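A quick write-up on the structure given underneath.
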Amino acid sequence: MKSITIQDIKLHTIALPFVEPLKTSFGNDPVKATVLVEIITAEGVSGWGEITVEVAPGYAAETPVTSEHIAKNFLMPKLVGKTFNHPQEAQALMKKVRGHHHTKFGLETGIWDALAKVNEMRLVDLFSSYLPEGNTTKGYASVGVSIGIQKTIEDTVKVIQKRYDQGYRRIKLKIQPGWDVEFARGIRAALPDIVMMLDANSAYTLKDAEHLKQLDAFNLLMIEQPLADDDIYEHSKLQPMLKTPICLDESIKSPSDLKLAIELGALRILNLKPVRVGGYVDSLEIYKICVENKLPLWIGGMMETGVGRAANVAFASLPGVTLPSDISATDRYYNPDVTEPPFVLGKNSTIAVPEAAGIGVDVQPDRLASGKQLWSEVNPYVD
Ligand code: OSB
Ligand code: MG
């Protein structure tokens, strides 16, 4: 394996208009804002990563402005000038900064991409090289689509129908108090056979257990993150009360969180967002824990641009990822995206892993420039 030496790191904070926004129980962002990381190496390749964040600290605590601050002042100085054989070496250096998983994730992904490119291999094959034998890519990720809160049940049925006609075969619907049991009943009445799940984004408490039990009537694949974003204990009380499997998202921020949740019986399915756990090094640990415990696993998303999506498609194509992931085609999110070629939905609700080395897609400089321009116009935190 060839190593890389980091000469410089550039951050590109951009904004992109959404094709269709995503309203959740914590609101919705006006535009996509994200920080792209460019790792420039002495070997002549550039690695790309995405610090996946949102304008507001709704789903996660970090924002474009906090991640720029932490990256520039604390993390990048630990990485520039260093030689790396394995992304784990970079992850270990960054551990000296507490928290800030999203920022670390973007930097680590850029290093993964650069290492894969310098060794002329796909990112997914680099992932496999750190897993037990047999964990090679399927060549595609099974995917579904996440649909935000609409004005009416009829409007939601129309959006689902459109996505179903496009070929998506697993539908995730966002819920919130007042938009849950009767909503699910209405959707099921209109569409009895779709594979459907709900995501509450932490909107309930254990006091709502009797109410949430009614959701068992609707043949749901799972309910995602019903209770608090920092809770594992109360989910372990709720799960035995429900027939519907609980999938944790926000609550699992590290391999040790997952071990605790499994031990307590707080979940039956995991949504792994590599960004949430701070990178692919810890994501591989979590993957191994899921395989050992036969815990169903899928990869979540945060409306990434093509940079973040490409790395997640690679990870989601590993055989231990057993349920459809929240990774949709480029045209569901951005038109155009910052990368080429776009991701398209293939047969049986899948997305193919790109063949090119590293993340397998290229950042388009003109779109990076227009994305920076838009962020400078909409950034609400500068004059
Ligand atoms: O809870 O899974 C979530 C998007 C932003 C923040 C949180 C979530 C989501 C999604 C979108 O559900 C998934 C996607 O990227 O398509
Ligand atoms: Mg979620």
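The values are calculated or read from the model by the stated rules, or taken from the named source; none is laboratory data. What you are looking at is a predicted structure, and each value in this text was computed from that prediction instead of being measured. Backbone-built Cβ (ideal geometry, glycine too); neighbour counts: all protein chains shown.
Could you list, in sequence order, the residues of segment 250-270 that are within 15 Å of ligand 2 (Cβ to nearest atom) and hydroxyl-bearing (Ser, Thr, Tyr)?
Within segment 250-270, SER251 is the sole residue that qualifies.
Residues ASP362, ASP366: which one is acidic (Asp, Glu), in contact with an Asp or Glu (Cβ under 9 Å, 6 or more places away or on another chain) and either at positive phi or away from ligand 2 (no atom under 16 Å from the Cβ) (or both)?
ASP362
Quick check on segment 198-207: of everything there that is in a loop (DSSP other than H, G, I, E, B) and either free of Cβ contacts under 8 Å to residues at least 12 places away in the same chain or within 16 Å of ligand 2 (Cβ to nearest atom) (or both), which residue is farthest from the chain's Cα centre (by Cα)?
Filtering segment 198-207 for residues that are in a loop (DSSP other than H, G, I, E, B) and either free of Cβ contacts under 8 Å to residues at least 12 places away in the same chain or within 16 Å of ligand 2 (Cβ to nearest atom) (or both), the one farthest from the chain's Cα centre (by Cα) comes out as TYR204.
Determine, yes or no, whether LYS288 is out of contact with any helix residue (DSSP H, G or I) (no Cβ under 6 Å at 6 or more places or on another chain) and within 16 Å of ligand 2 (Cβ to nearest atom).
Taking the combined requirement at face value, the residue does not satisfy it.
From the set of residues in segment 59-72 that are under 26 Å from VAL45 (Cβ atoms) and surrounded by fewer than 17 Cβ atoms within 10 Å (Cβ to Cβ), which is nearest to ligand 1 (Cβ to nearest atom)?
GLU68
Identify the residue in segment 165-185 that is farther than 18 Å from MET222 by Cβ and surrounded by fewer than 16 Cβ atoms within 10 Å (Cβ to Cβ) and, among all such residues, is farthest from ligand 2 (Cβ to nearest atom).
Restricting to residues being farther than 18 Å from MET222 by Cβ and surrounded by fewer than 16 Cβ atoms within 10 Å (Cβ to Cβ), the top hit is ASP165.
Suppose the filter is buried (at least 20 other Cβ atoms within 10 Å of the Cβ), modelled with pLDDT of 95 or more and farther than 24 Å from VAL361 by Cβ; does ASP231 pass it?
yes
Quick test for you: out of ILE269, ILE223, ILE232, pick the one residue that is of a type in the set (A, V, I, L, M) and within 23 Å of ARG98 (Cα to Cα).
Just one listed residue meets the conditions, ILE232.
I'd like to check which helices (runs of 4 or more DSSP H) are fully inside segment 276-373 and have at least 1 residues that are more than 15 Å from ligand 1 (Cβ to nearest atom), surrounded by 21 or more Cβ atoms within 10 Å (Cβ to Cβ) and hydroxyl-bearing (Ser, Thr, Tyr).
Helices (runs of 4 or more DSSP H) meeting the threshold: 280-292.
Yes or no, residue by residue, for (1) more than 30 Å from GLY186 (Cα to Cα); (2) in the same structural domain as THR24 (by TED's automatic domain parsing); (3) among the aliphatic types (A, V, I, L, M):
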residue	(1), (2), (3)
LEU93	yes, yes, yes
LYS96	yes, yes, no
LEU107	yes, yes, yes
ILE111	yes, yes, yes
LEU115	yes, yes, yes
ASN135	yes, no, no
GLY144	no, no, no
ILE149	no, no, yes
ASP155	no, no, no
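Please find, within segment 205-228, the residue that is farthest from VAL181 (Cα to Cα) out of those that are in contact with a Phe, Trp or Tyr (Cβ under 7 Å, 6 or more places away or on another chain) and within 16 Å of ligand 1 (Cβ to nearest atom).
If we take residues in segment 205-228 being in contact with a Phe, Trp or Tyr (Cβ under 7 Å, 6 or more places away or on another chain) and within 16 Å of ligand 1 (Cβ to nearest atom), then LEU227 is farthest from VAL181 (Cα to Cα).
For segment 51-74, state whether one or more residues are under 21 Å from the mean Cα position of the chain (by Cα), in a strand (DSSP E or B) and touching a residue at least 24 places away in the same chain (Cβ under 8 Å).
Yes, some residue in segment 51-74 is under 21 Å from the mean Cα position of the chain (by Cα), in a strand (DSSP E or B) and touching a residue at least 24 places away in the same chain (Cβ under 8 Å).
Please pick out the residue among VAL145, VAL159, VAL97 that is crowded, with 18+ Cβ neighbours inside 10 Å and of a type in the set (A, V, I, L, M).
VAL145
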